[in-house]
Every structure is written in C-alpha cells, then in structure tokens.
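Just below is one structure, and these are the notes that go with it.
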Amino acid sequence: MKKVIIFFCIILAIIIIIVGILYFKNNGLSFLNSNIKNDVNIEENGDVENASDISMVIKDGTLTPSGATVVLTNSYGYDRWFRIDKEENGEWKEAETINDNYSFTAEAYLTNGNSEVEIPIDWTDLYGTLENGKYRIVKRAFNNLNREEYVSVEFIID
C-alpha cells in the first residue's frame, strides 16, 4: 500500500511540474537567458514609475570574492537567476563565465509590500572567484507574471 501511495505522489509531482512549466512558458516567462539584454537598468521599457520602488543592496558583512547576500525590498517576485557584470573602461560587460553548462534552479522569492527578502548568491560555479575590480550583481524581477525588469547593485572587490 505504501508503494502505491509513493507512486501516486511521484506522478502527481511530475504533473504539477509539467503544468507549471507550461504555465510559465505560455505567460511569457523564460528560464533561459536568451532574452537578457546587456544594457540592464531598472528603467527597462521606459517603465520608470513602476520600477522606482525596487531596492537591492548587499547585506553588510556578506560580500566576498566568491559570493554575497542581496537584500531585495519591494512587491515583486524574484528567481535564482543573476548575472555578474564587470566594469571595463567605463562600460559594463558580463564577467567571463567558467561553466557553459550552468543552469539556475526554479526557486521563487516573493515579497509583500515593503517587506524584504534575502537571497544568498554563490557565483563560484558560474564565474569563479572574482579578481579585484568593480562589479555589479544584476537580478531579474517579475511583475504580474508576464513582465520582467532588472535591478542591479554595484560593489568593489579589492
């Protein structure tokens, strides 16, 4: 009897995952980075008014050459996706990746009103340990499950 219950729970979980993937796919969300632009800012698509409440900072004492914890405050949802950019000659360029097969898991983070969410980020599997320089973490925010915006926070490794 236990085997039958476990079997049905596994089948149910698979069905929920498939329905979730189809839902996100049909509502314009993508788990791939194919639609990410390099000119990232929180005013994407001219939507300054709605983006102005986004706030992201690095939590004090958490920044290292291998990761940091970011604190996000607003009414958006966030996923695990992030990007590290490095400033080179006054321009932001994505930091060189060391793993072409890296993928982000599908966890979601939600905030309510002015509440905060802390997201630990370990970038060593994707970018390695960062060398000295000026960087920024770029995060994607979802609004109403069909529009994505980006927010970033700058930091220095020395």
message: Counting only other residues whose beta carbon sits under 12 Å from that of residue 59, what net charge do I get with K and R as +1, D and E as -1?
response: -3
- request: Can you tell me which of 128-135, 95-102 comes out highest on packing, and rank the rest after it, using the mean Cβ neighbours within 10 Å?
  value: 128-135, 95-102
- line: In nanometres, the difference between 0.36 nm per residue of separation and the alpha-carbon distance of residue 129 and residue 73 is 17.4 nm
- line: Distance in nm between residue 117 and residue 59 label points, each 7 Å along Cα→Cβ, equals 1.4
message: Using a Förster radius of 41 Å, what is the FRET efficiency between residue 2 and residue 102 based on their Cβ-Cβ separation? Nearest 0.05, please.
response: 0.65
- prompt: Hey, can you rank 59-70, 3-14 by average C-beta count inside 10 Å, highest first?
  reply: 59-70, 3-14
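Throughout, read-outs are computed from the coordinates displayed, never taken from laboratory work. Only a predicted model underlies this, so the values are computations on that prediction, with no experimental measurement involved. We place every Cβ from the backbone using ideal geometry, glycine too, and count neighbours over all the protein chains shown.
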